[in-house]
């Protein structure tokens, strides 16, 4: 006797509902908009449910976020092209970006950070999200994004560099406006 549709859906929800926030965050980082991110997560969740019989266990979070990634890039119709690889320099790139916004309120710092993040290309926001927020390994990110390990390193390096540039610009504008 097989499982019922209700049991199937219940098992699916048990595995994947805990990761909806991460799915939304990834979608938001890729597309940069709340409503689009919600729509992408809804579409990805439906795709995941339809594809659930093919899920062979493993990491449900990675499986769902891979579907979100693919859905988001399909949604915005951006090809995922590998950029020219930049060498990864562990001693330089492993250092966290340090920004001196100490005199601003916590809320204002968050607003400025969000503004800087939203100005990054989606492929940079995505890799930053997966590495810095979700704490995925390079290998896991490469597998989820279907790119080479070197591409992940290159994107992360580029993302950090661009993030520093964006934060500098945002900070300079903030100083000019407060003067």
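Laboratory data are not the source of any read-out in this text; all were calculated from the coordinates shown. Only a predicted model underlies this, so the values are computations on that prediction, with no experimental measurement involved. For neighbour counting, all protein chains shown are included, and Cβ atoms are generated from backbone atoms with ideal geometry for every residue, glycine included.
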If I model a spin label as a point 7 Å beyond the Cα along the Cα-Cβ vector, how far apart are those points for residue 111 and residue 164 in nm?
2.7 nm
Rounded to the nearest 0.05, what FRET efficiency do residue 9 and residue 36 have when you use their Cβ-Cβ distance and R0 = 30 Å?
0.70
